[in-house]
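In what follows, a single structure is set out as structure tokens and then discussed.
The values are calculated or read from the model by the stated rules, or taken from the named source; none is laboratory data. Worth saying up front: this structure is predicted, and the values here are computed from it rather than measured. Because the Cβ atoms are built from the backbone with ideal geometry, glycine has one as well, and the counts that use them run over all protein chains shown.
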Amino acid sequence: MRNIKKATATMLATAVIVTSAGVYDTGAATTQATTPKILNGKAKKITAGESFKIVVKASGKVKFKSENKKIAKVSKKGVVKAIKPGKVTITVKSASKSAKVKVTVNPAKVKAVSATAGIDQAKVTWTKVKNATGYEVYCSTTEKKGFKKFATVKGGSVTSVDLNDLTSGTYYFKVKALAKAGKKTLKSDYSKASEAVKVWTLTWSDEFNGNSIDTNNWTFETGHGNDGWGNQEWQNYTSSGNYEVKDGNLVIIPRINYNKATRKFDAQSATSTRIKTKGKKEFTYGKMEIRAKSSKAKGTWSAGWMLGADCDTNIWPKCGEIDIMEGMDAGVPQAIHCQYFGSMPTAPGAPGGSKFYVTGLTQAQAAADYHTYTAIWTDTSIEFQVDGVTKGVYDPSKYNENIRSHYWPFNHDFFFILNCAIGGNATDLDDYTKPYDATGWTVVKEDGDIQTLEDYFYIDYVRVYQ
């Protein structure tokens, strides 16, 4: 009995051998290894820098091999690490059987996309993506959907593009990185959308390119500076003799007599020019821009501003006022006026002298060269800029809801005014009986102690973008 049991055990031990490589039949001496089964797909798309693990079912020990380690490498445990854009095959081998996983490595996603808008165009900028050979730029008028390709940029080192011929509107931008893989072009996922930017289209301008004021655009306002305009100004506004149009500029010429012996200005002799677009060119909302060089003389007040078109019936400050630029002794403020910010207590809780203004330049700086003054006026705010740099934003939403209407009369048509005042309580010449130095004035005529003085307010253009 003992010999029978021993013989049986020996026979069973030699008949079947189970190994990690598979099951072998010693009689037939053939391998029954099966082809490795890839459980998470035989094709995989991955982004450069990312990893994934090949999940495989196989009998016996499994080995992994990348055909191009510069594109993607694979560990002993089947973890694939994407190195750079391209296409590569990963071989999965078990005993004499093998399977393949085709891996496509796309470029990394573009980061830090930003945009700045201009006139009928925008500039989109992004961070460089390693191994990219180009980029695609997409735009939409909504942040979450509707993105369409607008431009293809060649060259991996290029990180910005100017997009021209855009119509006016608000835009968002996304960017995809591109890379070549043979004849194929690989693309990254969309970048995160840029912040919204507003593209403007020029709707009206006066470039002052002729030799006279265009009366299709402008009307002269004449009379004494204090005739209903306040500030106790000295000048008499005229329709001739105090301006000229030349070299692409409107030049407003304030003029006054001065006694150099007594150092007193003759307020009665002060003259200047004031023009307006009321009833001819009126606007609601837009990018209002004036390029100008301010007068420099003591006591002058160069101004490019807007007033509510209903000012005849809705008396200031209820009609609203937008001061795009004012060059005066105290600086170059940009301001709004309304019932609350009207320099008088005309709204509930508004103290006398309440103001909203920002100052970006001194009068000397404004008079030394041309500067571009801008008011970006929307239905919710007014942003003031000098040479494209934001100096302040008037936003009525931050004020008390109960008196909000007093803060925002800026929801209807406004018109432009260009003028240069002399003297008054807004300048350093606030009392014509006192002696002053004639700082900054130009002597154009002299008769004994009496000098005729002039100064010059240059306006290159007035433009409206909407």
Among the residues of the range 201-245, count how many are within 30 Å of N164 (Cα to Cα) and assigned to a loop (DSSP other than H, G, I, E, B). 6
Single residue of K180, K192, K148 found to be assigned by TED's automatic domain parsing to the domain that holds D120, more than 30 Å from T277 (Cα to Cα) and modelled with pLDDT under 95: K180
May I ask you to verify whether I376 is over 25 Å from the mean Cα position of the chain (by Cα) and part of a strand (DSSP E or B)? no
Under 20 Å from K183 (Cα atoms), modelled with pLDDT of 95 or more and of a type outside the set (S, T, N, Q): which single residue out of A48, A115 fits that description? A48
Let me confirm something: among K280, K318, K287, which residue is part of a strand (DSSP E or B) and out of contact with any Lys or Arg (no Cβ under 6 Å at 6 or more places or on another chain)? K287
Is it fair to say I17 is modelled with pLDDT under 95 and part of a strand (DSSP E or B)? yes
Of all the residues that make up the range 154-192, how many are more than 23 Å from T47 (Cβ to Cβ) and touching a residue at least 40 places away in the same chain (Cβ under 8 Å)? 8
Residue in the range 134-152 that is within 23 Å of the chain's Cα centre (by Cα), among the acidic types (D, E) and closer than 30 Å to I71 by Cβ present: yes
Test: residue in the range 227-248 that is farther than 29 Å from F415 by Cα, surrounded by fewer than 20 Cβ atoms within 10 Å (Cβ to Cβ) and hydrophobic (A, V, I, L, M, F, W, C): no
If you check every pair at least six apart or on different chains, which have Cβ atoms under 6 Å apart with a residue in the range 328-353 that is farther than 30 Å from A297 by Cα first and a residue that is at pLDDT 75 or above second? Q339/P317; Q339/K318; Y340/Y407; T346/Q339; A347/Q339; A347/Y340; A350/Y340
Name the residues in the range 291-318 that are of a type in the set (A, V, I, L, M, F, W, C) and more than 23 Å from T359 (Cα to Cα), would you? A309, C311, I315
Starting from residues that are closer than 12 Å to D329 by Cβ and of a type in the set (V, I, T), keep the ones in the range 422-440 and report whichever is surrounded by the fewest Cβ atoms within 10 Å (Cβ to Cβ). T439
Go through T300, T262, T273 for me and flag whichever is touching a helix residue (DSSP H, G or I) at 6+ places or on another chain (Cβ under 9 Å), modelled with pLDDT of 95 or more and either buried (at least 24 other Cβ atoms within 10 Å of the Cβ) or over 28 Å from A368 (Cβ atoms) (or both). T300
Assess whether V161 counts as being touching a Lys or Arg at 6+ places or on another chain (Cβ under 8 Å) and of a type in the set (V, I, T). yes
I'd like the residue in the range 72-81 that is buried (at least 21 other Cβ atoms within 10 Å of the Cβ) and not small (G, A, S) and, out of all such residues, is farthest from S188 (Cα to Cα). V74
Looking at A99, A115, A82, A72 in this structure, which one is touching a strand residue (DSSP E or B) at 6+ places or on another chain (Cβ under 9 Å) and closer than 21 Å to E136 by Cα? A115
Could you pull out the residue among N236, N226 that is closer than 30 Å to I450 by Cβ, at pLDDT 95 or above and not basic (K, R)? N236
